[in-house]
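Quick note: the coordinates plus some simple rules give every number you see, no bench work behind them. All of these numbers come straight from a predicted model, not from anything done at the bench. Here Cβ is always computed from backbone atoms with ideal geometry, including for glycine, and neighbour counts include all displayed protein chains.
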Amino acid sequence: MLNLSVRTRRSLLAAAFAGVTATSALAQAPASPPSPATAAAPIPIRVVVVTAYALEDKAWMAQAPQTLDFPNGVAPLGYDPAKGVLILRTGVGTNHAAITTFALATDPRFDLSKAYWVIAAIAGVNPDEASPGSAAWIGNVIDVDFGKWVDPREAPPEWAGGYPPFQPPRADRPNSVYYPLNIGLRDWAYELTKGVPLPDTEALKAARARFSSYPNGSKPPVVLTGDEISGQAYWHGEMLTKRYAKLATDYSGGKSRFVMTAMEDTGVANALRRLTTVGKADYSRLIVLRTASNYSQQAPGESPVDSMNRPYAGVGDAAAYAAHVVAGKVVDELAGNWATYRDKIPGVAK
C-alpha cells in the first residue's frame, strides 16, 4: 500500500506540473485577434444643407423622409436617402457652428468627402446693397471677432468706436479672419438661381418704406452676389455698417463688398478647412447663401437700439422662404445630377 501511495502521489504531481506548464505556455502565446464585426459602410452624402436654428430648417425638415439622431449636435438630422441629402442645424454663433460641423464630418455613419455644404440661412443686409427678402450668394467671409478694441471712453479721438485704424493682415501669420470661398462655384449657383422669383410681401414693403433714401435698399427682393461679415455677436447700427463695409473692402484689397452679416459662417468655414486636410470634407465645395431678414442698421431718424430690438414681423419668414427656394434649386441640381458633380465641381475656377 505504501508503494502504491508513492506512485499515486508522483502521478498526481506529474499531472499537475504538466497542467501548469501548459497554462504558462498559453499565457505567453500571443492572443489571437478577435474576429472583426461586420461594420456598415459609411453612407455617401451628396449635399449637406446647413442652417442655424429652427426657423431656417423648418421647411427642409418637413421635406426630409427620415430623422436621424445626432447626439453631438443641437438637433436631429434630416435625411433624404433617395437624394443623398442631410439637413444640419448648427445652433447660433460661430462656436456652435464650428463644433457641430466638425462633429458631423467625423461621424462614422457618413462619408462626406465629396459632399457639397450649402449654407442656407438668414442674415442682416447692408441697405446700400439690397433689401430684406433678398438672397445673396457669398464670395468671401470676413471674421470680425478677431482684432483689437478698447472701451470707446478710453480710446484716442481718432479711434472710431474704440477701434484702432485698420491694419492689413500679416503674411507671416495664419489667416483666421479672411475666408475666400470658391468663386467659380458661387457664380455657378448664382447663374442657376438669379431668375428665381422672390415674394414681395406687405411686411417687406413696410420695412423698405423707412429706407426710401437708399436706392438699393428700397428695391424689391432680388438674388445677387456679394460678401459677408461674420461674427459671434449680433451687432447693429449705421456706424458699424460703415466700418465693416470699409473693412471688407480694405481687407480684401478692394475685392469684397459687404452685403450680408451673419453669425455662423466662419465657424463652418474654419471647420471645413481643417477637415479637408484629413480627407473628411472638401472646403472648395462650400457654398453660402444668406437671405435678408432685417437691415444691418437703423432707418434715417431712428434709434439704432429701437431698430435692433424691433421684431422681424413677417420679414424673417420671407427670408427663410427665400433661403429654402433659392438654395433648394442648387441642392436639387447637385443631388439630382450626381454623376456629373461627384468628381467635378461646377463653375469655372477663379
Looking only at Tyr163, Tyr251, Tyr295, which one moves most when the chain is put into a Gaussian network model with springs between Cα atoms under 10 Å? Tyr163
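To check you understand DSSP bridge types, tell me what percent of the beta bridges within the chain (both residues inside) are antiparallel, rounded to 5.
For the chain, the DSSP antiparallel bridge percentage is about 30.
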Given the rule -39500 (n - 2.57) for each run of at least 4 DSSP H residues, summed and divided by the residues of the chain, what is its mean residue ellipticity at 222 nm, to the nearest 500 deg cm²/dmol? -11500 deg cm²/dmol
How far, in degrees from 0 to 90, does helix 265-276 lean away from the longest principal axis of the Cα atoms of the chain, to the nearest 10? 40
So how tilted is helix 315-336 from the main axis of the chain? Cα-based, degrees 0 to 90, rounded to 10. 50
Return the loop-located chymotrypsin sites (Phe, Trp or Tyr not before Pro) in region 34-103 (DSSP other than H, G, I, E, B) with at most 13 other Cβ atoms within 10 Å of their own Cβ; answer none if there are none. none
Pairwise label distance in nanometres, Ala54 with Ala233, each label 7 Å out on the Cα-Cβ vector: 2.8
Report the residue, chosen from Thr90, Thr249, Thr100, that carries the largest GNM mean-square fluctuation when the chain is represented by alpha-carbon nodes joined by springs under 10 Å. Thr249
Lysines whose Cα lies under 29 Å from that of Lys58, excluding same-chain neighbours fewer than 8 positions away: Lys83, Lys114, Lys194, Lys205, Lys219, Lys280, Lys329
Once the Cβ-Cβ distance between Asn95 and Ala206 is put in as r, and R0 is 35 Å, what FRET efficiency do you end up with, to the nearest 0.05? 0.50
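Can you sort Leu68, Leu289, Leu204 so the residue with the fewest Cβ neighbours within 10 Å comes first? Write out the running numbers ahead of the final one.
Working: Leu68 16, Leu289 27, Leu204 22.
If I rank by nearby Cβ atoms, fewest first, I get Leu68, Leu204, Leu289.
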Any lysines with Cα under 19 Å of the Lys255 Cα? List them, leaving off those in the same chain fewer than 8 positions away. Lys242, Lys246, Lys350
Taking the Cβ of Pro215 as the centre, find all other residues whose Cβ is under 11 Å away and add up their charges (Lys, Arg: +1; Asp, Glu: -1). -1
